[in-house]
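Quick note: the coordinates plus some simple rules give every number you see, no bench work behind them. If you're wondering where the values come from, they're calculated on a predicted model, not measured in any experiment. All Cβ positions, even for glycine, are placed from backbone atoms using ideal geometry, and neighbour counts span all protein chains on display.
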Amino acid sequence: MKPFLLLIASAALCHALPQEGLLLDLDAAKGLTLEDGDKVSIWENQAPDANAKLFVKQDEGRKEEGSGRPTLRPAIPGLNGKPALVFRRQELVCMDEETFDSLTTGKGHTWLAVIAVFPQQDGLKDVNSFFGNLRNSAKYEGVWGCLNDDNTLWYGVRNSLTFGRFDANNPQLLGPVLETGKFHVIGGRMAAGTGTVKLELFANGMEPIATREIPVEPTANPSKMTIGQERDAIEHPGHESFDGEIARFLIWERPLSDEELEHAINTLKESYIGK
């Protein structure tokens, strides 16, 4: 290979995101199926060899067919010209019931998102979710990322041992109020193990904004991963969903090391926000 090609390949490798354990890579620039012009009916997972491949529109429970589809917003100036999907109480659901269970039952996880928020509409107070795989019954176990009504960021895991909005088995990690009209790089990390493990929340940097510990329940049974909502909430779609934009969303089936996480956050900030 010629020297200048080696330099290009080396630079690309330096900016590559970690691939080991990557379960989900949703990129608003790739893998979209559009309907009615700019309405997104399918968002395809770009992670290599992904089992959970497609996130699709969900009409069940909605009064108006197609009203749950987010909208493609192309070439956003404040996002280095990259696109994003606009969610207004909408969602895309992966119908795979098993792939994401392990995130909270022992393997741990890391998630990162490039996201912007709008003012949140009325719904369940302080529950405006941008992702989650909570089971739609019993004790609603799984992982979720949310906003309070004032756009305070929060993240949590529910382990199925008790039913409660927030307690030792259902912790809530509170972050900053996210500025509207601006894209942020946010994320969460759960340590691996089947004892009591650490949860960490990140916002626009490597230093954790909040930490908590949670007992792991290996027999817990989360459900379908949903983007734009905390679960496949067909009985009241949109009621606990967020209003905002997502340009990129990633999940690893392991806790990234500090070095990997710092690299991933910096890579996303440089690529999308330019700093």
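Measure up LYS39/LYS224; LYS53/LYS107; LYS30/LYS139; LYS125/LYS224 against 30 Å on the Cα-Cα distance and list the ones that go over. In this structure, LYS30/LYS139 lie more than 30 Å apart at Cα.
Mean separation of Cα pairs under 8 Å and 6+ residues apart, divided by the residue count of the range 19-166: what relative contact order is that in percent?
Relative contact order comes out at 14 percent.
When the alpha carbon coordinates of the chain are projected onto the principal axes, the ranges are 60, 47, 34 Å, largest first. Computed as a quarter of the hull surface, the mean projected area of the alpha carbon convex hull for the range 135-270 stands at 8.3 nm².
About its Cα centre, how strong a charge dipole does the chain have in debye, to the nearest 20, once Lys and Arg get +1 and Asp and Glu get -1 at the Cβ?
Taking the Cα centre of the chain as origin, the dipole is about 380 debye.
Computed packing ranks the peptides 215-228, 57-70, 238-251, 17-30 as 238-251, 215-228, 17-30, 57-70, most packed first, by mean other Cβ atoms within 10 Å.
Our estimate of slack between ASN221 and GLU259, defined as 0.36 nm per intervening residue step minus the Cα-Cα distance, is 10.6 nm.
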